[in-house]
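Have a look at the structure below before the remarks.
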Amino acid sequence: MNILLALPALNRGGVESHAKNLARGLSTQGHSVVVMSSGGKGVENLKDISGVNHVRLNIKRKSLVSGVPAIYKMSKFIKKRDIDVVHAHSRVPAWIGFAASRITGTPFVTTAHSYYSVHLGSSIMARGKRVIAVSSGIRDYLTSSYSIEKEHVEVIHPGINISLFADPGEPAPLPAELKNRKKGLILGNVARLTESKGHEYLLRAFAHLKNEISNSHSSIANSFLIIVGGGNRIDKLQLLAKDLDIFEDVFFLGYRDDIPALLNLMDVFILSSTSEGFGLAAVEAMAAKKPVLMTRCGGISEMIDDGKHVMLVPQKDYLELAAGLINLIKNKNIRTNLAAQGHEFVRKNFSLKEMARKHIQVYREVE
């Protein structure tokens, strides 16, 4: 099959990672895949995947001025490349893809990655010939918010290239300012710097850890936090770190494309989100054999056992987040067991092969 995956851009994020992984999984099954986006730093990561190409098209802006030409160009491309399925992964590309699919008579599929606000603009995510949701929670949200039957929505959990995280090679080099620090645990977070990722709660939890408890435990006193991800909240978060008197122990590394190597560097991974469609970053950390502490949100939290695969804490509660961190820092055996059980869970449930197989089944049904 010739498959077109459409998304706004290719930077670091759950949607972008999912699209890249899906493209890889589909290509290994012998299908030809085109990823269409407005570009981004992640385009380079597609070049090593055989059978996958990237086409740049402005399908990111919410504008009729750019939208109408994009519909024309996508329609022309669909006809030229004999595309069998148009698969959209976000709202603006979905509107453009929907119009282009109507013009060309090509089957149109959407994947809902998040709990989109309910309005006309979001309704396009429920208008695919088939709709895919990354979790059962999102499926239920779609069916209750829009006039679609539950049977019309297929739940397909994201898959990842597990070996990429389980065997990443050498850890990423420490930033120069960290090399001379006393030995301590490296706590890490990978997420875009958006409000829904809960970085404020993470920083407050870390401050509670450092300022109130570190005197009684050297591993806490010497620990530091690295936050990986780009976004426009960097200044606000750095200011909060200064106000909490932890700025010297928190390192914002910005956008990075060496996530497996960075995960290999970490002793504990934390996902502090207040809202998640799925929580792919936690899956990647488990694949990397890291103990994961995460808030109870996102599709992944529906599937895992607290205390066995990960440690779960309530959302928006920095004291509970801090308590979870303290427990992990003080108990190496808990960290070891979580890392092992979490990795095994991911290995059994999130392979690229299985994700690709389920998508191909959906594509066949809409042909």
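A few notes on this one:
- Between the stretch 306-333 and the stretch 41-102, the Cα center-to-center distance that results, in Å: 41
- For the chain, a crude dipole built from +1 on the beta carbon of Lys and Arg and -1 on the beta carbon of Asp and Glu, taken about the Cα centre, is about 960 debye to the nearest 20.
- Counting beta carbons within 10 Å around each of Thr28, Thr336 and listing the fewest first gives the order Thr336, Thr28.
- In this simple spin-label approximation, Tyr146 and Leu253 carry label points 7 Å from Cα along the Cα→Cβ vector, and these lie 3.7 nm apart.
- Hull shadow area, averaged, the stretch 27-118 [alpha-carbon convex hull, nm²]: 6.7
- Gaussian network model of the chain, Cα within-10 Å springs - most flexible of Ala70, Ala176, Ala322: Ala176
- Percentage of interatomic Cα-Cα distances in the stretch 260-367 larger than 21 Å: 37
- Gly39 long-range amide H proximity, modeled H, under 5 Å: Leu10, Leu57
- Exposure proxy shown here: for Asp258, Asp243, the number of other Cβ atoms within 10 Å sets the order, fewest to most, as Asp243, Asp258.
- Normalised contact order of the chain, rounded percent, pairs of Cα under 8 Å and 6 or more residues apart: 16
- Value at 222 nm in deg cm²/dmol, rounded to 500, when DSSP H runs of n ≥ 4 in the chain each add -39,500 (n - 2.57): -12500 deg cm²/dmol
- Nearby aspartates and glutamates by direct alpha-carbon distance to Lys332 (threshold 20 angstrom, same-chain neighbours under 8 apart not counted): Asp267, Asp305, Asp306, Glu320, Glu344
- Global geometry of the stretch 1-81, whether rounded, prolate or oblate, following the gyration tensor of its Cα atoms and the 1.5 cut on a/c: oblate
- Share of pairwise Cα-Cα distances greater than 26 Å in the stretch 163-349 is 22 percent (whole percent).
- For the chain, diffusion coefficient by Stokes-Einstein and Kirkwood Rh (Cα), 37 °C, 0.692 mPa s, µm²/s: 155
- Close amide-amide hydrogen proximity is noted between His54 and Val35, each under 5 Å apart and 5 or more residues distant or on a separate chain (H modeled in the peptide plane; Pro and chain starts excluded).
- Among Ser144, Ser37, Ser275, the largest mean-square fluctuation in a Gaussian network model of the chain (Cα springs under 10 Å) belongs to Ser144.
- Debye log10 I(q)/I(0) at q = 0.13, 0.19, 0.24, 0.27 Å⁻¹ for the stretch 191-271, Cα point scatterers: -0.40, -0.85, -1.26, -1.45
- Using R0 = 25 Å, the C-beta based FRET efficiency linking Asn2 and Arg127 works out to 0.70.
- Among Ser196, Ala261, Ser27 the positive-end extreme of the charge dipole of the chain (Cβ point charges): Ser27
- Neighbour-count order for Val283, Val35, Val118, Val43, fewest beta carbons within 10 angstrom listed first: Val118, Val43, Val35, Val283
Only the coordinates and a few stated rules stand behind these numbers; no lab work does. Model, not experiment: these values are computed from the prediction. Cβ: placed from backbone, ideal geometry, glycine included. Neighbour counts: every protein chain shown.
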